[in-house]
1. Given (1) modelled with pLDDT of 85 or more; (2) surrounded by fewer than 16 Cβ atoms within 10 Å (Cβ to Cβ), identify the lone condition not met by residue 478.
2. Starting from residues that are at pLDDT below 80 and buried (at least 17 other Cβ atoms within 10 Å of the Cβ), keep the ones in the range 821-839 and report whichever is nearest to the chain's Cα centre (by Cα).
3. Sort through 547, 551 and tell me the only one that's touching a Cys at 6+ places or on another chain (Cβ under 6 Å) and closer than 30 Å to residue 753 by Cα.
4. When the residues of the range 433-460 are narrowed to those that are modelled with pLDDT under 90 and among the polar types (S, T, N, Q), which ends up nearest to residue 183 (Cα to Cα)?
5. Of all residues in the range 594-612, which are β-branched (Val, Ile, Thr) and under 22 Å from residue 582 (Cα atoms)?
6. Looking only at the range 660-681, which residues are under 12 Å from residue 836 (Cα atoms), among the hydrophobic types (A, V, I, L, M, F, W, C) and crowded, with 21+ Cβ neighbours inside 10 Å?
7. So which residues in the range 587-601 are aromatic (Phe, Trp, Tyr) and free of Cβ contacts under 8 Å to residues at least 60 places away in the same chain?
8. Restricting attention to the range 766-805, which residues are within 21 Å of residue 863 (Cα to Cα), in a helix (DSSP H, G or I) and modelled with pLDDT under 75?
Amino acid sequence: MEISALFIGLRLALSLFELNSALVVNGYREGLKQRAVLTEARSNAGVSTEATSVKCKLQGTTRLPVFSMDGDYVIGGVFSIHHYIHTVEHNYTTLPEPLRLSVCSIISRELRFSRAMIFAIEEINNSTKLLPGIRLGYQIHDACASVVMAVHVAFQLSNGLDPVFYTGDNCSQSGTVMAIIGESGSTPSISMSRVIGPFNIPQVSHFATCACLSNKQEYPSFFRTIPSDQFQADALAKLVKHFGWTWIGAVRSDSDYGNNGMASFLDAAHKEGICVEYSESFYRTDPHNKIQKVADVIRRSTAMVVVAFVSVGDMRILLEELSQEPSPHRQWIGSESWVTDADMLRFTFCAGTIGFGIQQSVILGLRDFLLDLSPTEVAESPVLTEFWEDAFKCRLGKSEKAFINTSKLIFACDGTEDIKKLKSPYTDTSQLRITNMVYKAVYAIAHAIHNAVCQKTNSTTHCDKLTMTESKQVINFSQNGYDVSFDANGDPVARYELVNWQKSKSGSIELVTVGLYDASLPVGQEFHINKNLTWVENSTQVPSSVCSDSCPPGTRKVLQKGKPICCYDCVRYSPDCFPCPKEFWPNAERNICFPKPVEFLSYNEVLGIILAAFSVGGACLAVITAAVFFRHRTSPIVRANNSELSFLLLFSLTLCFLCSLTFIGTPSEWSCMLRHTAFGITFVLCISCVLGKTIVVLMAFKATLPGSNVMKWFGPPQQRMTVVSFTFIQVLICTIWLVLSPPFPMKNLTIYKERIILECALGSAVGFWAVLGYIGLLAVFCFVLAVLARKLPDNFNEAKLITFSMLIFCAVWITFIPAYVSSPGKFTVAVEIFAILASSFGLILCIFAPKCFIILFKPEKNTKKHLMNKNQY
């Protein structure tokens with residue numbers, strides 16, 4: 001996975017946070033330095049610090065972090081290592097008792113997240129390139145997936161661990177951390193952001209995906225390394241549509257994560273034409289009868305597919321309830337929160353589940369770090385002790401066997417057990433997804449601190465532990481083979497893997513990556529499946545999930561009252577026949593209407609290919625002829641035949657050949673207007689050049705008479721003016737046609753009853769025949785002049801060649817008119833193209849072929865002496 005763009009910097013004190021892709025970290029080290037200087041001065045003067053400072057006392061009970069280490073800069077971490085908290089009754093007459101955990105097992109996956117944060121910090125502390133000479137510390141807390149605990153921890157990270165401290169000015173900024181990583185859930189993250197946001201303490205979450213957190217007005221200091229649920233909701237809707245499911249059920253967590261995510265999904269599903277049979281919400285702390293009710297709705301439903309936008313803790317409870325009694329199998333579609341959780345794979349009745357997960361990654365050295373737990377380290381950490389005892393089903397430090405609940409035999413252990421043989425989400429690093437999000441979050445903060453406190457002089461980087469320049473840093477960096485960036489909302493680019501729960505040969509469930517989704521790709525190209533999927537009940541066939549099956553022939557759909565549009569009854573047609581709509585045609589049984597096939601001259605059929613080939617070939621022939629003339633432009637035969645008009649004629653013939661291509665393909669507004677006007681103007685330009693050459697021949701021989709100065713009145717300027725004038729008249733006719741009533745595409749339903757002809761209507765028939773008539777008028781005029789000049793003496797005379805070419809031209813277009821009127825469908829266009837190509841080939845072959853033959857094969861005739869002879873060609 002490549003995430004490229006921006007990350008964010010740190011700055012001191014109370015510098016303003018701007019809505020850009022910068023991570024602003026609130027610094028306070030300068031204040032500590034100044035306070036230390038003031039304290040030292042007062043001590044030297046004999047003034048008691050105790051007497052001159054204000055004593056501040058934090059309210060509430062300090063909660064110790066599960067993992068901590070001092071450093072020059074301290075980063076906070078908040079993870080849901082446990083899931084439940086003990087409910088406390090408040091009487092509002094005494095201070096509330098501290099929050100404490102209820103009896104529950106430790107969440108090994110979240111423990112791995114917290115240890116990954118420690119690994120990343122130690123890796124940075126050992127780096128010589130990133131923050132050299134600076135030691136990062138950490139304070140990692142367990143929020144127990146509780147809003148109350150998350151808020152408590154957020155306040156504590158903002159204040160520090162000391163319940164009583166002294167300061168010369170006030171109690172603010174005394175123990176705040178540089179930034180906070182976490183929380184794992186959206187709702188706790190929202191609560192934390194509201195607490196620390198006003199203090200400009202950046203919060204970088206690795207797993208909070210609620211789309212609401214992209215709102216920079218409400219959460220200005222929130223960032224995340226995991227994509228927003230808005231992208232996932234769109235992807236899930238496209239996934240459901242891709243497999244043809246139009247009738248689904250929906251369940252969600254009754255939290256910010258579930259409610260916002262499901263709202264986005266339902267909106268996207270509605271746009272895709274997907275109907276929802278039910279939409280149920282629940283939360284893990286709801287009474288059991290509420291969870292049971294949701295499970296019963298799923299069991300009784302007719303929808304085969306269930307989309308679950310549920311947090312992992314809630315989904316675990318729902319699946320445990322569904323496993324209590326047999327129920328119809330369902331095809332589960334899961335959100336990232338639970339579908340990639342290895343602990344959920346134990347629910348084998350959900351085999352075939354598909355969903356989206358964050359792309360996998362490899363973090364070198366992490367597995368060795370996770371497994372490197374010494375007996376002393378385990379014994380000194382209550383959390384690691386609890387994890388060890390839960391994983392190995394033992395009690396640390398016990399010298400004898402004990403019984404728990406009189407049913408489970410618990411053995412004593414000493415911390416030397418082989419953790420490498422342990423199969424646990426904590427030790428499973430085969431598919432690092434969210435762990436990599438934690439890893440990147442730590443490096444993002446470290447890069448931000450580095451840019452704020454470190455300066456590079458020549459080849460040496462120096463970092464100041466106490467002073468930070470007040471500036472905002474925009475940081476791009478790559479780590480672990482991936483680019484890290486954020487957009488203006490603090491979100492990374494959305495890229496997901498499509499994962500599938502597949503049964504292995506041993507019967508266990510494995511998480512298999514079967515496709516990819518990249519939101520940065522163009523619409524329609526984001527989704528790609530590259531492996532076979534396994535479906536519910538280990539089937540290889542895509543299950544069907546529709547409210548009503550397709551109606552058989554002879555029946556029609558009738559919507560069911562009070563049901564979505566996906567639910568209908570199939571009612572037989574009445575005995576009385578009814579006509580199909582104009583663009584439809586009945587089948588052989590005459591019990592259903594289907595769309596008529598559409599017909600037009602296409603590049604994909606043989607006729608279109610042949611005509612296009614002749615068109616391109618003719619254009620190439622004109623270009624080659626022009627090249628030959630240009631190469632021999634100084635030769636007598638080229639100079640004697642008015643080279644300027646010859647080149648202009650070859651250019652117009654090239655356009656004549658190419659304009660026939662506009663008649664091929666699907667008719668559109670532009671192609672219909674272009675094909676007729678381009679044809680009319682290019683042919684007039686062509687005939688004008690031929691007419692100019694003919695007049696030049698006549699005038700040249702008139703000029704040979706004694707006392708004649710006729711060429712004075714028909715020199716090169718007059719020739720150019722003649723061509724421009726004749727062409728301008730055609731341009732004017734075409735312009736009036738396009739303005740008043742231009743050609744337009746239409747569906748011709750009258751020629752054939754069983755199919756539709758796509759063609760260009762003329763718009764104004766008068767305009768079309770005016771264009772055609774003007775071409776014919778010029779052609780006839782040119783033909784008459786050529787006939788008059790055909791018997792003039794000398795080889796110089798090319799009127800004979802022009803006569804033949806115009807004879808062919810007129811013959812083609814005279815036969816074109818009846819053929820054009822009588823040809824049906826797409827053959828009308830073919831006849832018009834044939835007329836254009838035939839007349840164009842006639843002109844170029846009759847006028848230029850003899851000259852090219854002499855230039856290339858009879859160079860002895862290409863002399864002034866030969867041209868002045870009284871012989872004929």
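1. (1)
2. Only one residue tops the list, namely 826.
3. Answer to the selection: 551.
4. Among them, the one singled out is 451.
5. Of the residues in the range 594-612, the ones β-branched (Val, Ile, Thr) are 598, 606, 609-610.
598, the sole residue that qualifies.
6. 663, 679
7. To start, the set of residues in the range 587-601 that are aromatic (Phe, Trp, Tyr) comprises 594, 600.
Within the range 587-601, 594 is the sole residue that qualifies.
8. 799, 800
The values are calculated or read from the model by the stated rules, or taken from the named source; none is laboratory data. Owing to the predicted nature of the structure, the values given are computational and were not obtained by experimental measurement. Don't worry about glycine lacking a Cβ; one is built from the backbone with ideal geometry, like all the others, and counts go over all protein chains shown.
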